[in-house]
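*Asks:* Here you go, one structure.
The values are calculated or read from the model by the stated rules, or taken from the named source; none is laboratory data. Predicted model, so just to flag it, every value in this text is computed and none were measured. Cβ placement follows ideal geometry from the backbone for every residue including glycine, while neighbour counts extend to all protein chains displayed.
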Amino acid sequence: MAGYPQVLGGVTRKLSDSVTIHSTPFKRANYFNFGARMAILELNKSDEYVIWSPLPMSEEFRNCLKYSGINKENDNVINDDNFSQFNNKVVAIIVPDNEHLLSIRQNLKGKFFPNSKIIGMNDLKNLSNNDLNLIDIKFDSNLANKIVKRDQLRTDLNISNQNIINDLEFIYLNGHENKELLMLHKSSKTLFQADLLFNIESKYSEQYSYNLSSSPFFSSNNKDNFFIYPKSPLNDNFTNHNPNSYSSFLTRFLQPNSSLFKNIFVKKLLFPIKSENNKLAIKQIYDDWNFDNIVLCHGNVIEKTGRDVFFNVFNDYLK
């Protein structure tokens, strides 16, 4: 897959009992080190799962499934022989925006998760009409810039799965350059978003991790929550590699504490502050959603301080 290493590598981590993430290197335009991330969520301890922003199907993908606990009854062993035994537990696959389309291009539903519903939007400029038809549940302009939850999920989108209705809420930002679909996982108090926020830090990047000891998230008390892939070709060559150096120098400014990121990249380019609809959507997210963590595609996960970071970036939208 373009942009990804030939061997995906990366780190699988349990963010909470119900959220498992896999973080990996990824180059934007084959040039800038952005990193990438997928997540697997369990809904309401129901043994039903949602895959958010899937990465390429690989050993790493399957290992993330293993760590999520999706195959508890078989000691979490996942291979070609038993893959079909648990794939019916995946009830939804989330397309988070117009740039993260591997769930469709890999035909994940058709090949691996036939009982799932693909949830996305109807305004995907990077898909053909045939591919667009693979999306089962589409947000459109009538559902944009407002939180869609509970009964609305059933009546407006024909979602019948009760665990999705009880544990997930959405807001579709059609004023965003990439047509963002944000998702709140209520039971873990986690906001999932692809390209509304970036958090690419120069001190440490989980998406370019080469040993657990360098991770600020790792300790002897939670070591069982981690799995790092030693096969990544980057491990041998770039042990002390800073992914935000050389050609990727500018990516270090794509983070919440950067004035360049907030005032130019967000307010003018990706999600213009001059739009009243954009400001209304941000206000609803901040006022109505209870979240501590933000899982994003590019950069480090924001843990425990998610609301504060969100306010820091978008406070001008709230005025």
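*Asks:* Select from segment 299-313 the residues that are out of contact with any helix residue (DSSP H, G or I) (no Cβ under 8 Å at 6 or more places or on another chain) and either crowded, with 20+ Cβ neighbours inside 10 Å or closer than 15 Å to Gly35 by Cα (or both) and list them in ascending order.
*Replies:* Gly306, the sole residue that qualifies.
*Asks:* Looking at segment 266-291, which of its residues are crowded, with 16+ Cβ neighbours inside 10 Å and in contact with a helix residue (DSSP H, G or I) (Cβ under 8 Å, 6 or more places away or on another chain)?
*Replies:* Val266, Lys267, Phe271, Ile273, Asn278, Lys279, Ile282, Ile285, Tyr286, Phe291
*Asks:* I'm trying to understand the selection: among the residues of segment 166-179, which are outside any strand (DSSP E or B) and either among the aromatic types (Phe, Trp, Tyr) or more than 22 Å from Ile282 (Cα to Cα) (or both)?
*Replies:* Within segment 166-179, just Asn166 meets the criteria.
*Asks:* Also, quick follow-up: Exactly one condition in (1) closer than 15 Å to Lys89 by Cβ; (2) basic (Lys, Arg); (3) in contact with a strand residue (DSSP E or B) (Cβ under 7 Å, 6 or more places away or on another chain) is false for Lys45; which is it?
*Replies:* (3)
*Asks:* One residue is enough: does segment 152-161 have a residue meeting the conditions modelled with pLDDT of 90 or more, in a loop (DSSP other than H, G, I, E, B), among the hydrophobic types (A, V, I, L, M, F, W, C) and under 19 Å from Asn88 (Cα atoms)?
*Replies:* Yes: one or more hits.
*Asks:* Name the single residue, out of those in segment 49-77 being part of a loop (DSSP other than H, G, I, E, B) and over 28 Å from Glu99 (Cβ atoms), that is modelled with the highest pLDDT.
*Replies:* Result: Gly69.
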